[in-house]
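Nothing in this text is a laboratory measurement; each read-out follows from the coordinates by a stated rule. Here the structure is a predicted model, which is why all the values come from computation and not from measurement. Cβ placement follows ideal geometry from the backbone for every residue including glycine, while neighbour counts extend to all protein chains displayed.
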Amino acid sequence: MKKTILLLSLLVATCGIISQSCKKTEDTPKVEEFVADNNSFKDYSSWPLQRTYNGPDPLLGATAHANNDSTVVRKVYFKNGQERVNGKFPVGTIVVKHSTNPAGTVNEVTAMVKRGNNFDASNNDWEYFMLKPDGTLLMDPNGMVMRGAKLMGGMCAGCHGVVSAKDYIYSK
């Protein structure tokens, strides 16, 4: 009888611990993350056009966003027309910049995605991308997808950090 009571007490205590453990998991806020893939950028040129830049931009260096000369046109698209909420863009925000020139010698597509989940907390969790003109992920000569927090040796994050007060976005 004493063994039965002891086993029942142990079982009740174990169930209580498991119950509390599950409750804590349920109460813990879920961390949101968005990981972009080729489908994320599909048909970007049909998204809301936020801004068109023509010619040289004093904020760009000689090589950023497909050179900085008088012939380049840069179009900035926001998927779903995303806006800031409390000063920040929500996780899943996607911005694409397509740079071209009339001669066709420039046809560069870059993108930013608000990834979340402390992907790059020091830069508000933005991930940077190089895309092909059709919006698919570009590979470097070694077969690696050109994406990441430190893309181009950190140049993207470094430049966009200048507008950290605008959540790293120049065009809105």
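Its Cα centre serving as origin, the stretch 38-166 has a Cβ charge dipole (Lys and Arg +1, Asp and Glu -1) of approximately 320 debye.
In sequence order, the stretch 96-111 has phi-based couplings of 10, 10, 10, 10, 9, 9, x, 6, x, 7, 10, 7, 10, 10, 10, 8 Hz under the Karplus curve 6.51 cos²θ - 1.76 cosθ + 1.60, θ = phi - 60°, and Gly or Pro positions carry x. When Rg and the Kirkwood radius Rh are both evaluated on Cα atoms of the stretch 91-172, their ratio Rg/Rh stands at 0.98.
Here the Karplus relation 6.51 cos²θ - 1.76 cosθ + 1.60, evaluated at θ = phi - 60°, turns the backbone of the stretch 156-161 into coupling constants of 4, 4, x, 5, 5, x Hz, with x for every Gly and Pro. Near the amide H of residue 125, within less than 5 Å, lie the amide hydrogens of 120, all on another chain or at least 5 residues away, with H placed in the peptide plane.
Between the listed residues 100, 70, 165, the Cα displaced farthest toward the positive end of the dipole of the stretch 54-172, a dipole computed from Cβ unit charges relative to the Cα centre, is found at 165. Classify the stretch 38-166 as rounded, prolate or oblate, taking a ≥ b ≥ c as the square roots of the eigenvalues of its Cα gyration tensor: rounded when a/c is under 1.5, otherwise prolate if a/b is larger than b/c and oblate if not. The shape class here is rounded. In a shell of Cβ-Cβ distance under 9 Å around residue 35, excluding residue 35 itself, what net charge do Lys and Arg (+1) and Asp and Glu (-1) give? Overall, the nearby charge balance is -2.
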